[in-house]
1. I'm trying to understand the selection: among the residues of the stretch 54-88, which are surrounded by 14 or more Cβ atoms within 10 Å (Cβ to Cβ), in a loop (DSSP other than H, G, I, E, B) and not aliphatic (A, V, I, L, M)?
2. Going residue by residue through the stretch 3-11, is there one that turns out to be exposed (fewer than 12 other Cβ atoms within 10 Å of the Cβ) and in contact (Cβ under 8 Å) with a residue 12 or more places away in the chain?
3. Which ones in the stretch 59-84 are β-branched (Val, Ile, Thr) and within 15 Å of the chain's Cα centre (by Cα)?
4. From the residues in the stretch 89-103 that are loosely packed, with under 13 Cβ neighbours inside 10 Å and under 14 Å from residue 1 (Cα atoms), which one is modelled with the lowest pLDDT?
5. Return the total of residues in the stretch 11-35 being modelled with pLDDT under 90 and of a type in the set (A, V, I, L, M, F, W, C).
6. Looking only at the stretch 39-53, how many residues end up being under 12 Å from the mean Cα position of the chain (by Cα) and loosely packed, with under 13 Cβ neighbours inside 10 Å?
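The values are calculated or read from the model by the stated rules, or taken from the named source; none is laboratory data. Source: prediction; values computed, not measured. Positions of Cβ are generated from backbone atoms using ideal geometry, with glycine treated the same way; all protein chains shown enter the neighbour counts.
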Amino acid sequence: MFDAGGRYALQLCSSERPKFASNNRLQGTPEEYKAAVQGCNPHWGRYSVADGSIVFKIEHALFSNWEGVEQKRPFSVSGDELKYRVAAASSGGTTELVWKRAK
């Protein structure tokens, strides 16, 4: 979600994350915690657009190494799709995200 005031919130989560057997997030197994962290990458803060890039000013993130960091991500818009690339994904390598406008 991006708003007109320059704030954003992203919740990127895998649909393949397993449920916690205990049904309590404070009582997970090491494997359940690992899957939860590896399967989600939410972050939020402020954004701006400049020189063909979205600049994320990350205030908070599940991956705490990103907190207080600015990340510049080149983007393109075609019809109802916005695409941007993450050159240094937190899991290594690069990633391309594609968003479609809600109707």
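1. 63
2. yes
3. Correct list: 69 only.
4. By that ranking, first place goes to 102.
5. Here the count works out to 2.
6. So the count comes out to 0.
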